[in-house]
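A quick write-up on the structure given underneath.
The values are calculated or read from the model by the stated rules, or taken from the named source; none is laboratory data. Everything quoted here is computed from the prediction, not taken from an experiment. All Cβ positions, even for glycine, are placed from backbone atoms using ideal geometry, and neighbour counts span all protein chains on display.
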Amino acid sequence: MERIVLEGGVPLKGVIQISGAKNAVLPIIAASLLADGDFTIYDTPWLADVENMCEILASLGVQTEFCDGTLHINTKNLNGVEPTQESVRKMRASFLTMGPLLTRFGKVKMCLPGGCAIGARPIDLHLKGFEALGAQITIGEGHITAEADHLIGSKIYLDFPSVGATENIMMAAVLAEGNTNIENAAAEPEIVDLANFLNAMGAKIKGAGTKIIRIQGVNSLQAITHTVIPDRVEAGSFLVAAAATGGDLLLLNVIEQHLQSIIAKLKEAGIAVEEEYDGLRIRSDGGRLQPLDIKTLPYPGFATDMQPQFMALMTRAKGTSVVAETVFENRFMHVAELQKMGADIRIEGNVARIQGIESLTGADVTATDLRAGAALVIAGLMAKGCTRINEVYHIDRGYEKFCAKLEKVGARIKRIG
Ligand code: EPZ
């Protein structure tokens, strides 16, 4: 089993190139199932989750080839509606293939999806959307089957602005007959990137990035070329790492607008982030920061995917910070690991109270999910002494060349085993 070993106390200094967004490219790869042809997708991050999504497409007869940041997808031999169980169980995003397959072929059968351990993460909103479009859903023996002669546009209200449900319903509606409105839709930048991808394919979508998305069904779509937006969570993670170690980092390939809530919180903590002509620059003297009150919310609120990283940062703040996790019901598994490093954190329901201390101490810890793993790396960069992180495969799901990018800006970090 591979692990990461790192020595804390080194300020990060230099330039980091941010990769394409994992949470944009995964639905975009799924959307390629909506048309026959050759797709070229630039700025694709080569991640475990991307590889897994390509395996799912391969199980349906789709050929994919990745070379130097570019993913080629050839869907001309697409011949199935039942993605391979083994890959689907590994990753919840697999379920994003359901909408495209349902609307294209009128039938799709999948085993119940897997994914991180950050909560139950049901799919009821996805299925409610498909049923509103006219699909019959049957669930049995661990499988879900959706069938419809053809989908008919409808008005769909989401009880919660679910990112995945918004994406899946949008992809099902683009080939449905008539118009569909998705109300209380998620507004994340990754939704906008997917809508731009679908519109370039010939879809008719308006309002992506707002609470109401309007879709006019079309008869067919075409294969295209697209460049994925930068990964705002990877960028945010490196900003926090620089703030935590007293560094001076320039991040290239970022969209500042997507990071507003992160930048605002760093400023509140006492760290300035400036936009330069080619990226975002962050400088920190490594001193203890002001404590923060953080509440995770759907975009443009504070991103839940940045909650573990900020909690690591707050373990050394000058006072008590409060973090409320409102999006997922079980996204505090990194707390026990941070406590092994000396952090003073108390959990009360979905609220964590972090009493800042002078310094963390390196320890043996375990990544429990993708962003918890990133938080432990940040904690190790801050701590005195050596930290060893196990189960690093979680980090590989969402961070491209994470150790190499950190080593390049001075971190004493190695991947072993
Ligand atoms: C997406 O997950 C992201 N993943 C997650 O990023 C991110 O944390 C999440 O959105 C919220 O921003 C990808 O885009 C691949 P949701 P998703 O549906 O779509 C509940 C990372 O670290 N819900 O918005 O699964 C659900 O239980 C990952 O990169 C229902 O109740 O998130 C959760 O509590 C982690 N019923 C909340 O909504 C449903 O049908 C948010 O889930 C669907 C969701």
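Go through segment 58-72 residue by residue and tally those that are over 16 Å from Leu26 (Cβ atoms) and free of Cβ contacts under 8 Å to residues at least 24 places away in the same chain.
5
Name the pairs whose Cβ atoms lie under 6 Å apart, with the first residue in segment 146-171 and without any contact (Cβ under 8 Å) to a residue 60 or more places away in the chain and of a type in the set (A, V, I, L, M), the second in a helix (DSSP H, G or I) and surrounded by fewer than 24 Cβ atoms within 10 Å (Cβ to Cβ), and 6 or more positions between them or separate chains?
Within 6 Å, the pairs are Ile156/Ala132; Leu158/Leu125; Ala165/Leu125.
Regarding segment 303-311, can at least one residue be identified that is within 16 Å of the ligand (Cβ to nearest atom), within 20 Å of Gly398 (Cα to Cα) and assigned to a loop (DSSP other than H, G, I, E, B)?
Initial filter on segment 303-311 (within 16 Å of the ligand (Cβ to nearest atom)): 303-311.
Pick out the ones that are also within 20 Å of Gly398 (Cα to Cα) and you get 303-311.
With assigned to a loop (DSSP other than H, G, I, E, B) added as a condition, the list becomes 303.
Checked against the condition, which is being within 16 Å of the ligand (Cβ to nearest atom), within 20 Å of Gly398 (Cα to Cα) and assigned to a loop (DSSP other than H, G, I, E, B), segment 303-311 yields at least one hit.
Residues that are more than 16 Å from the ligand (Cβ to nearest atom), modelled with pLDDT of 95 or more and buried (at least 21 other Cβ atoms within 10 Å of the Cβ): does segment 90-102 have at least one?
Let us first name the residues in segment 90-102 that are more than 16 Å from the ligand (Cβ to nearest atom), namely 101.
Imposing the further condition that a residue be modelled with pLDDT of 95 or more reduces the set to 101.
Pick out the ones that are also buried (at least 21 other Cβ atoms within 10 Å of the Cβ) and you get 101.
Checked against the condition, which is being more than 16 Å from the ligand (Cβ to nearest atom), modelled with pLDDT of 95 or more and buried (at least 21 other Cβ atoms within 10 Å of the Cβ), segment 90-102 yields at least one hit.
Checking Val163 against (1) out of contact with any Cys (no Cβ under 7 Å at 6 or more places or on another chain); (2) at pLDDT below 95, which single condition isn't satisfied?
Unmet condition: (2).
What number of residues within segment 234-253 satisfy the criterion of being surrounded by fewer than 24 Cβ atoms within 10 Å (Cβ to Cβ) and farther than 18 Å from Val10 by Cα?
So the count comes out to 2.
Do you know which of the residues in segment 263-281 that are assigned to a loop (DSSP other than H, G, I, E, B) and modelled with pLDDT of 95 or more is nearest to the ligand (Cβ to nearest atom)?
Looking at residues that are assigned to a loop (DSSP other than H, G, I, E, B) and modelled with pLDDT of 95 or more, I get Ile271.
Which residue out of Thr296, Thr326 is touching a Phe, Trp or Tyr at 6+ places or on another chain (Cβ under 9 Å), farther than 17 Å from Gly380 by Cα and at pLDDT 95 or above?
Values: Thr326 fails: touching a Phe, Trp or Tyr at 6+ places or on another chain (Cβ under 9 Å).
Going through Thr296, Thr326 in turn, the sole match is Thr296.
Can you tell me how many residues within segment 202-216 are within 20 Å of Pro300 (Cβ to Cβ) and in contact (Cβ under 8 Å) with a residue 40 or more places away in the chain?
Residues in segment 202-216 being within 20 Å of Pro300 (Cβ to Cβ) and in contact (Cβ under 8 Å) with a residue 40 or more places away in the chain: 2 in total.
Could you count how many residues in segment 7-53 are within 13 Å of the ligand (Cβ to nearest atom) and among the β-branched types (Val, Ile, Thr)?
Number of matching residues: 4.
Looking at segment 173-187, I want the residues that are surrounded by fewer than 21 Cβ atoms within 10 Å (Cβ to Cβ) and have a partner that is among the aliphatic types (A, V, I, L, M) with Cβ atoms under 6 Å, at least 6 apart or on another chain. Which pairs are those?
Hits for this filter: Glu177/Ile152; Gly178/Ile152; Glu183/Ile212; Asn184/Leu158.
Which condition does Val240 not pass, out of (1) among the β-branched types (Val, Ile, Thr); (2) within 16 Å of the ligand (Cβ to nearest atom); (3) more than 30 Å from Ile357 (Cβ to Cβ), if it passes all the others?
All conditions are met except number (3).
Run Ser284 past the list (1) outside the structural domain of Asp159 (by TED's automatic domain parsing); (2) at pLDDT 95 or above and report the number of the one that doesn't hold.
(2)
If I go through segment 359-417 residue by residue, how many of them are over 18 Å from Met341 (Cβ atoms) and hydroxyl-bearing (Ser, Thr, Tyr)?
The qualifying residues number 2.
Which ones in segment 138-160 are modelled with pLDDT of 95 or more and either within 16 Å of the ligand (Cβ to nearest atom) or part of a loop (DSSP other than H, G, I, E, B) (or both)?
Ala146, Ala148, Leu151, Gly153, Ser154, Ile156, Tyr157, Leu158, Asp159, Phe160
When you scan segment 114-132, do you find a residue that is closer than 17 Å to Asn181 by Cβ, more than 14 Å from the ligand (Cβ to nearest atom) and not acidic (Asp, Glu), even just one?
No - not one qualifying residue is present in segment 114-132.
Can you tell me which of Ala195, Ala187 is touching a strand residue (DSSP E or B) at 6+ places or on another chain (Cβ under 7 Å), in a loop (DSSP other than H, G, I, E, B) and not β-branched (Val, Ile, Thr)?
Details: Ala195 fails: in a loop (DSSP other than H, G, I, E, B).
Criteria check complete, one pass: Ala187.
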